[in-house]
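Worksheet for the structure shown next.
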Amino acid sequence: MHGVLVVDKPAGLSSAATVDKVKRATRANRAGHGGTLDPLATGVLPVCLGAATKLAAYLLSDDKAYEADGLFGVETDTLDRTGVVTATRAVNVSRDQVLAAIAARLGEQAQVPPMYSAIKQGGVRLYEKARAGEVVDRQPRRIRVDRFELLAFEPPYFRVAIACSKGTFVRSMVADLGTDVGCGAHLTELRRTRSGKFSIDQAVTLEAVEAMDVTSRMIGLKDAVDLPAVTVGPELLPVIRYGNMLPVERFGAAGLERFLLVDEQGQLLAICHADEGRIRYDRVIAESFASPS
């Protein structure tokens, strides 16, 4: 079983625990995910099975989209409802103030990662430092926010839709929005609606995974990565299998920076990039050569 299964992760489970349940249910020999979701969050979790685990790094770099619920007037140490309340304030904020603050947060910007995050500093996860009572300076990271829209506003509650680059902390966006309007806020619910080319419409629940044959819902290796595909003939299969770095023109890939190589049946053989006119192999899918194409 080789492919990506888009799972609607339930609340209360870590991404790793969700992957483990999918692996057991599908009896896959290998499994991983294409982008972590906090236990609090629900929604799109691409689960890579079998040879698709070699593609996980490409899925991690994809843009994401979310719907997030927040509560104005209450701040927590984790920036979400799982944390300890650190401050409460009166909420005297108008819809127009919220819309103006949201508009100011669009585009490329620097974001300081929260203390309760899995980012490492000095070889230690930030959340481990936070649990030990430490607060350390964190380097801002560049992010990009393509969409930030107010979906509902019933003070002190609100809901927003966010489309953003990889590595964006939605908890921080919600908390920063509260700071911008002067009353503080924290995240109460989070649902990922898109991860790269995978959407919530494609997702199956964990219960369905455990109760049915999900083969028909699997997304094949070629379709899982959003890169141009170049079809090669059988004479080039030994070249690809053993990683021979020939001129890109031999593969019909001139002018492409990064691309997929597929056989005439559409089976993914390798992910490659061009380097000084020659092909370089980022990933060769050995399983594609284990049986006749």
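If you go through the range 253-266 and keep only what is in contact (Cβ under 8 Å) with a residue 12 or more places away in the chain and exposed (fewer than 14 other Cβ atoms within 10 Å of the Cβ), you end up with Glu257, Glu264, Gln265, Gly266.
Just so you know, in the range 144-183 the residues that are under 17 Å from Asp96 (Cβ atoms) and free of Cβ contacts under 8 Å to residues at least 40 places away in the same chain include one that is surrounded by the most Cβ atoms within 10 Å (Cβ to Cβ), and it is Ala152.
In this structure, does Arg81 turn out to be within 30 Å of Tyr281 (Cα to Cα) and basic (Lys, Arg)? Explain how you work it out, then say what you get.
Working: within 30 Å of Tyr281 (Cα to Cα): no; basic (Lys, Arg): yes.
So Arg81 fails the test.
Output the residue which, of all residues in the range 1-14 that are in a strand (DSSP E or B) and aliphatic (A, V, I, L, M), is surrounded by the fewest Cβ atoms within 10 Å (Cβ to Cβ). Let's see the steps before the verdict.
Of all residues in the range 1-14, those in a strand (DSSP E or B) come to 3-9.
Next cut, aliphatic (A, V, I, L, M) only: 4-7.
Values: Val4: 28, Leu5: 26, Val6: 23, Val7: 28.
Ranking the qualifying residues of the range 1-14, first place goes to Val6.
Test Val239 against the stated conditions and say whether it is farther than 30 Å from Thr76 by Cβ and either in contact (Cβ under 8 Å) with a residue 60 or more places away in the chain or crowded, with 17+ Cβ neighbours inside 10 Å (or both). Spelling it out, it is not the case that Val239 is farther than 30 Å from Thr76 by Cβ and either in contact (Cβ under 8 Å) with a residue 60 or more places away in the chain or crowded, with 17+ Cβ neighbours inside 10 Å (or both).
Here is a check on your reading of the model: is Thr26 in contact with a helix residue (DSSP H, G or I) (Cβ under 9 Å, 6 or more places away or on another chain), open to solvent by 10 Å² or more (accessible area, probe 1.4 Å), under 24 Å from Asp282 (Cβ atoms) and β-branched (Val, Ile, Thr)?
Criteria not met by Thr26.
Any residue at all in the range 15-29 that is modelled with pLDDT of 95 or more and assigned to a strand (DSSP E or B)? Among the residues of the range 15-29, not one is modelled with pLDDT of 95 or more and assigned to a strand (DSSP E or B), which makes the answer no. Kindly indicate whether Glu287 is in contact (Cβ under 8 Å) with a residue 60 or more places away in the chain, of a type in the set (Asp, Glu) and either open to solvent by 10 Å² or more (accessible area, probe 1.4 Å) or under 23 Å from Ala52 (Cα atoms) (or both). Considered against the rule, which asks whether it is in contact (Cβ under 8 Å) with a residue 60 or more places away in the chain, of a type in the set (Asp, Glu) and either open to solvent by 10 Å² or more (accessible area, probe 1.4 Å) or under 23 Å from Ala52 (Cα atoms) (or both), Glu287 comes out as yes.
The values are calculated or read from the model by the stated rules, or taken from the named source; none is laboratory data. None of the values given here were measured: they were computed from a predicted structure. Neighbour counts run over all protein chains shown; Cβ positions are idealised from the backbone, glycine included. Heads up: the accessible areas ignore ligands, DNA and RNA and are worked out on the full protein's heavy atoms, side chains in. Shrake-Rupley method; radii C 1.70, N 1.55, O 1.52, S 1.80 Å.
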